[in-house]
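Chemist: Take a look at the following structure, please.
The values are calculated or read from the model by the stated rules, or taken from the named source; none is laboratory data. In this text, all values refer to a predicted model and were calculated from it rather than measured experimentally. Here the Cβ positions follow ideal geometry from the backbone for every residue, glycine too, while neighbour counts run over all protein chains shown. What goes into the accessible areas is simple: the full protein's heavy atoms, side chains included, and nothing from ligands, DNA or RNA. Shrake-Rupley method; radii C 1.70, N 1.55, O 1.52, S 1.80 Å.
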Amino acid sequence: MKADPAAQLRLLDLQDEDTRLTQVKHRADNLPDASRLSELETRLARVRDEAVAAETILSDLERDQARADQDVQQVLDRMARDRTLLDSGTIGDPKQLQSIQTELDSLARRQSDLEDIELEIMERVEGARAAAKQLTAQRDELAAERETLATSVHEQRSALEAEARLVREQRDVIAAEIPADLLALYEKIRTDHGGVGAAPLHRGTCQGCRLALPPTEIEDLRNAAADEVIRCEECRRILVRTPESGL
Ligand SMILES: [Zn+2]
C-alpha cells in the first residue's frame, strides 16, 4: 500500500487520540468510587434487611406485651370484683366466703406469675427496640453515604464522558485527513492488536511491540520509498518512519 508520508505521520496523531480514548474509557469503567459504591449498596441492602427483621421482632414482642398487660388486667379486674363482693357483706355462707377467699389467693399468685412474664417481655421489648433503633440509624447513615457517593460517581462519569466526546471529535477531524484505504487498514490492525494500529519506528525499534528491527530490515527500510506503507515484521502494525527512526 502507498500513502503520502504526511498522512502516515498523521496516523500517529490519530493513534494518540485513540489511545487517549481507550484510557478515558478504562478510567470510566474502573472508578474506585464506583466499586466503593457497589460495596456500600451491598452493605446497605444487608442492613436494610436486618432493620426490617429487627422491626418485625419488635412489633411481635410489643403484641406479646399488650397481651401480657391484658392478662394481668383481667386478673386485677377479677380480684376487684371478688373484693367488692366480700366487702359488700351480702354473702353469709361461710363456704362461699371461703371459696372466694381461695380464689383471691390463687388470683394473687397468678397476678405475680403474670407480672413476672410481663416484666420479662418488657425487658425483651426494650432490647429489641434498642436493636431496631441502632439498625435503622445505621441504615439511614449508609443510605445518606450512598447518595453522596452515587452523586460523586455520576459527576466523575459525566466529566469522563465529556472528555471522551472531546477526544472523539479531535480524532474524527484527524481521521478525515487520512486516505480511506490507510485508515481502514489502521482500524483493522487496531481492532486485532489491542488498540494499537500504528506505531513509530524509534531508533530502529518498533514502538508497537518494542522489538528492535534486524539490521537487514533497517537496510530495506532505508531503501524503501517514503510513500510505501511499512508493516512491522514482528507485530504487523503499521510502522511509521519519523526523523527519530534512526534510518
Ligand atoms: Zn512491532
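Chemist: Which members of segment 179-210 meet the condition of being closer than 20 Å to Pro243 by Cβ and of a type in the set (A, V, I, L, M)?
Modeler: Ala198, Ala199, Leu201
Chemist: Condition first: among the hydroxyl-bearing types (Ser, Thr, Tyr) and within 11 Å of the ligand (Cβ to nearest atom). Now tell me which residues in segment 183-205 satisfy that.
Modeler: Hit for segment 183-205 is Thr205, nothing else.
Chemist: Is it true that Glu163 is under 30 Å from Arg36 (Cα atoms) and more than 11 Å from the ligand (Cβ to nearest atom)?
Modeler: So Glu163 fits the description; yes.
Chemist: Here's something else I'd like to know. Quick check, is Thr90 more than 30 Å from Leu58 (Cα to Cα), part of a helix (DSSP H, G or I) and open to solvent by 60 Å² or more (accessible area, probe 1.4 Å)?
Modeler: No: the conditions fail for Thr90.
Chemist: Can you name the condition, by its number, that Arg27 falls short on among (1) touching a helix residue (DSSP H, G or I) at 6+ places or on another chain (Cβ under 9 Å); (2) open to solvent by less than 60 Å² (accessible area, probe 1.4 Å); (3) under 30 Å from Arg171 (Cβ atoms)?
Modeler: (2)
Chemist: So, in segment 191-247, of the ones that are of a type in the set (Ser, Thr, Tyr) and in a loop (DSSP other than H, G, I, E, B), which residue ends up farthest from Asp181 (Cα to Cα)?
Modeler: Among those residues, the one meeting the criterion is Ser245.
Chemist: I need the full set of residues from segment 115-144 which are basic (Lys, Arg) and open to solvent by 100 Å² or more (accessible area, probe 1.4 Å), in order please.
Modeler: Arg124, Arg129, Lys133
Chemist: Here's a follow-up. Residues to consider are Glu141, Glu155, Glu169, Glu161; find the one that is modelled with pLDDT of 95 or more, under 18 Å from the mean Cα position of the chain (by Cα) and closer than 30 Å to Asp16 by Cα.
Modeler: Glu155
Chemist: While we're looking at this one, here's another question. Would you check which residues across segment 190-215 are hydrophobic (A, V, I, L, M, F, W, C) and either under 15 Å from Glu17 (Cβ atoms) or touching a residue at least 40 places away in the same chain (Cβ under 8 Å) (or both) and list them?
Modeler: Once the filter is applied, which keeps residues that are hydrophobic (A, V, I, L, M, F, W, C) and either under 15 Å from Glu17 (Cβ atoms) or touching a residue at least 40 places away in the same chain (Cβ under 8 Å) (or both), segment 190-215 yields Val196, Ala198, Ala199, Leu201.
Chemist: Let me ask another. Answer yes if at least one residue in segment 104-121 is of a type in the set (Ser, Thr, Tyr) and outside any helix (DSSP H, G or I), and no otherwise.
Modeler: no
Chemist: Restricting the search to segment 234-247, which residues are near the ligand (Cβ under 8 Å from one of its atoms), open to solvent by 60 Å² or more (accessible area, probe 1.4 Å) and on the phi < 0 side of the Ramachandran plot?
Modeler: If the condition is that a residue be near the ligand (Cβ under 8 Å from one of its atoms), open to solvent by 60 Å² or more (accessible area, probe 1.4 Å) and on the phi < 0 side of the Ramachandran plot, then Glu234 is the only one that fits.
Chemist: Tally time: how many residues in segment 206-233 are farther than 18 Å from Leu11 by Cβ, modelled with pLDDT of 95 or more and near the ligand (Cβ under 9 Å from one of its atoms)?
Modeler: Number satisfying all stated conditions: 3.
Chemist: To continue, here is another question. Please work out which one of (1) open to solvent by less than 80 Å² (accessible area, probe 1.4 Å); (2) touching a residue at least 12 places away in the same chain (Cβ under 8 Å) is the condition Arg78 fails and give its number.
Modeler: Of everything listed in (1) open to solvent by less than 80 Å² (accessible area, probe 1.4 Å); (2) touching a residue at least 12 places away in the same chain (Cβ under 8 Å), Arg78 misses just condition (1).
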